[in-house]
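The values are calculated or read from the model by the stated rules, or taken from the named source; none is laboratory data. These numbers come from a predicted model, not from an experiment. Positions of Cβ are generated from backbone atoms using ideal geometry, with glycine treated the same way; all protein chains shown enter the neighbour counts.
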Amino acid sequence: MAFVRRRGNAWYLVHNVRRRGKVKQLHLARLGERPRITDEVVRQVSRTYPMLDVDWSQLREMVESREELYQPQSEFVQKLVRSLRTVNLDLADLYPTLLQWGETPEAARDLITQLRLLRSTVDVKLSQFEQTARPEGAAARSFR
């Protein structure tokens, strides 16, 4: 049975195997600081370990339902807030004229595409937060 475990700041997809009477952990894939079971991870593990039977839907469900994602004081949430602050500051310092100096047109187009994707993602997330039911007694708050 494959499972996800944390070691240091990184998450790994691992599987226990028995060799010479001892249990050894086989590291199937490094998932990074925020574990995600992507299609690429599935392909890589399936190609490298074809005899291993992995319940990918159960693994994805386990990763997506981690409690620390939903605890405001968790390290994950605190790191996300710090990252958002950094992105905001970096974007505030970015001017369109800077893209024209020394950068290739492809780099400028890629940045604009990523900014549009970011805007779409933020709009979706703000809508989701606005649609959630507020706990009783909580003050009404707009996220726009």
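Looking at R141, R119, just one residue is modelled with pLDDT of 90 or more and among the basic types (K, R), and that residue is R119.
Pull up the range 70-80, narrow it to residues that are surrounded by 10 or more Cβ atoms within 10 Å (Cβ to Cβ) and of a type outside the set (D, E), then point me to the one that is modelled with the lowest pLDDT. Only one residue fits best here, namely Y70. Taking the criterion of being in contact with a strand residue (DSSP E or B) (Cβ under 6 Å, 6 or more places away or on another chain), hydrophobic (A, V, I, L, M, F, W, C) and either in a loop (DSSP other than H, G, I, E, B) or within 30 Å of K79 (Cα to Cα) (or both), the residues of the range 11-62 that qualify are W11, L13, V14, L26, L28, A29, L31, V41, V45, V54. Look at the range 18-37 and say how many of its residues are surrounded by fewer than 11 Cβ atoms within 10 Å (Cβ to Cβ) and hydrophobic (A, V, I, L, M, F, W, C). Residues flagged as surrounded by fewer than 11 Cβ atoms within 10 Å (Cβ to Cβ) and hydrophobic (A, V, I, L, M, F, W, C) within the range 18-37 amount to 1.
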